[in-house]
1. Say whether the condition of being surrounded by fewer than 21 Cβ atoms within 10 Å (Cβ to Cβ), free of Cβ contacts under 8 Å to residues at least 12 places away in the same chain and not in a loop (DSSP other than H, G, I, E, B) is met by at least one residue in the stretch 69-80.
2. Out of 16, 93, report the one residue that is assigned by TED's automatic domain parsing to the domain that holds residue 111, free of Cβ contacts under 8 Å to residues at least 12 places away in the same chain and either surrounded by 13 or more Cβ atoms within 10 Å (Cβ to Cβ) or in a loop (DSSP other than H, G, I, E, B) (or both).
3. Are any of the residues in the stretch 29-47 surrounded by 19 or more Cβ atoms within 10 Å (Cβ to Cβ), in contact (Cβ under 8 Å) with a residue 60 or more places away in the chain, under 25 Å from residue 178 (Cα atoms) and within 15 Å of the chain's Cα centre (by Cα)?
4. Taking helices (runs of 4 or more DSSP H) that do not extend beyond the stretch 139-246, which have at least 2 residues that are in contact (Cβ under 8 Å) with a residue 60 or more places away in the chain and in the same structural domain as residue 17 (by TED's automatic domain parsing)?
């Protein structure tokens, strides 16, 4: 509501262009009707932003790329993959990597990171018996005696990631690192992570969790401020933002 009110105020003040910078696009996980008589929340939110008067949206790692098509305006969906790749090359001294997608929907994101660090790819076959709960059915790929890197856009309650790490360990994986863009960390998620077999959870500050994870050695926060600042500068100067996707 604050965002919509700000856009409306700017529109009524004769602003030439209004860019909504939304690091974490809320309601993005509801991008289709999974069961009858449910709302497509991502489409509703995009309609609200459009009708409020925004001319452009800048966001980071949308849960589903097709959400860009919900807007009748330019949408810059920036990626954190280059940030994660630089961190891995600088801080993790190992060559025996394999990148793991926590579900079928994250394969493209995981493949992008694997290419940047020259690693193989594995996929976790996950099922959701009910909302908010997941079950690992199988692991596609050889993770034995390899350091695994799980990459995903959102960690919410932490159950999916913790289950995935345990499944990888049972298959003979060595250390398991987890890289997440949006750390919702709802409920008891932080305690689950603290007690889990995760070697390191690396998140960004798209959601402000600085105080909550300050004293937890297992969790490290990377800033996306330089990425967002560069995008804003280029948009303001009417120059290309294409380089930021590489």
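The values are calculated or read from the model by the stated rules, or taken from the named source; none is laboratory data. Being a predicted model, the structure only gives us computed values, none of them experimental. Neighbour counts run over all protein chains shown; Cβ positions are idealised from the backbone, glycine included.
1. Yes - at least one qualifying residue is present in the stretch 69-80.
2. Numbers: 16 fails: assigned by TED's automatic domain parsing to the domain that holds residue 111.
Exactly one residue qualifies, and that residue is 93.
3. So far as the stretch 29-47 goes, no, none of its residues is surrounded by 19 or more Cβ atoms within 10 Å (Cβ to Cβ), in contact (Cβ under 8 Å) with a residue 60 or more places away in the chain, under 25 Å from residue 178 (Cα atoms) and within 15 Å of the chain's Cα centre (by Cα).
4. Numbers: elements: 159-170, 189-195, 225-236.
The helices (runs of 4 or more DSSP H) meeting that bar are 225-236.
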